[in-house]
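In what follows, a single structure is set out as structure tokens and then discussed.
The values are calculated or read from the model by the stated rules, or taken from the named source; none is laboratory data. Computed from a predicted structure; not experimentally measured. Because the Cβ atoms are built from the backbone with ideal geometry, glycine has one as well, and the counts that use them run over all protein chains shown. Just the protein is used for accessible areas: all its heavy atoms, side chains included, with ligands, DNA and RNA removed. Shrake-Rupley method; radii C 1.70, N 1.55, O 1.52, S 1.80 Å.
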Amino acid sequence: MKKSFMVIGLGRFGSNIAKTLVSMNCDVLAVDINEDCVSAISSYVPHCVIADTTKERVLVELGAKSMDHVVVAIGANLQASILTIVNLKHLGVNNITVRADQESHKEVYLTLGATDVIIPEESAAVSLANQIISDSILDYHEVASGYALAKINIGRSINENLIELDLRNNYGINIVGLIKENGEFYIPRGTDKLQENEIAVVVGTRKNIKKIDEFLN
Ligand code: ADP
């Protein structure tokens with residue numbers, strides 16, 4: 001079944017989330033208090049409305065209760081974010097992802113009932129810093145505190161297969177996928193070997209990702 005989403009706050013962050021979800025064929029209701037923000041997105045997102053989500057009655061009318069997931073991307077307006085989260089929680093919405101502007105707001109949103117809080121600038125900065133540390137780390141995403149999923153270019157072919165390398169025990173990482181030179185992705189078997197110029201998709205701590213990057217290059 002198609003998942004339904006409500007995206008509240010259509011600045012750069014919220015509007016990109018709404019557009020991406022629509023392009024992935026999800027049901028999306030995009031909401032903003034500002035008419036210009038709503039008209040800017042209306043050609044990409046079929047269902048968008050001008051509304052103030054700090055009012056619980058408004059969220060009831062918009063059907064927030066039946067949404068699978070609500071993204072609160074109001075950002076700078078702390079008071080509006082807080083009231084919106086409280087209303088959503090009160091209506092029994094299970095999944096509430098909130099975009100925060102500052103670390104200090106994160107705890108407040110979680111206490112109020114947000115299921116997930118993200119600080120986009122922080123995530124983007126951490127990703128970028130980790131990518132530019134090494135020429136062979138092509139992509140880096142934190143998946144939990146201290147843990148990341150990274151794409152590492154393999155600079156040399158390695159004779160031992162994955163069972164023999166025992167990367168989980170020797171480097172504290174797992175290779176969850178390999179990307180061939182032609183772009184084809186595959187999930188490796190223990191008997192596979194790492195080939196020069198393939199890309200390894202690895203999961204582990206930042207320190208261990210750095211260690212495996214050094215080993216592969
Ligand atoms: P970005 O950094 O993503 O561009 P903005 O702070 O510019 O973020 O966007 C936040 C959006 O949230 C604005 O478009 C603003 O109109 C909207 N917004 C603020 N308060 C409310 C509210 N009470 N209800 C709905 N949308 C709101």
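General observations
- Sites matching trypsin sites (Lys or Arg not before Pro) across segment 1-91 that sit in DSSP coil, with at most 15 neighbouring C-beta atoms within 10 Å: K2, K3, K55
- Excluding ligands, DNA and RNA, the accessible surface per residue across the chain is 55 Å² with a 1.4 Å probe.
- Kirkwood-based Rg to Rh ratio, segment 98-217, C-alpha trace: 1.07
- For a straight C-alpha distance cut-off of 27 angstrom, the lysines reachable from K19 (same-chain residues fewer than eight places away being disregarded) are K2, K3, K55, K65, K89, K106, K151.
- Principal axes of the chain: Cα extent on each, largest first, Å: 65, 35, 29
- Within the chain: Cβ-based charge dipole about Cα centre, in debye rounded to nearest 20 (Lys, Arg +1; Asp, Glu -1): 380 debye
- Gained length - S42 relative to I158, 0.36 nm times residue gap less alpha-carbon distance: 36.6 nm
- Measuring nothing but protein heavy atoms, the accessible surface of the chain at 1.4 Å probe radius is 51 percent carbon and sulfur.
- Among L162, L110, the order of accessible area from largest down is L110, L162, computed with a 1.4 Å probe on protein heavy atoms.
- Within segment 126-217: Cβ-based charge dipole about Cα centre, in debye rounded to nearest 20 (Lys, Arg +1; Asp, Glu -1): 260 debye
- Against the empirical curve 2.2 N^0.38 Å, the C-alpha radius of gyration of segment 17-110 lands at a ratio of 1.05.
- Förster-model FRET efficiency, 35 Å R0, V49 and E121, C-beta, rounded to 0.05: 0.80
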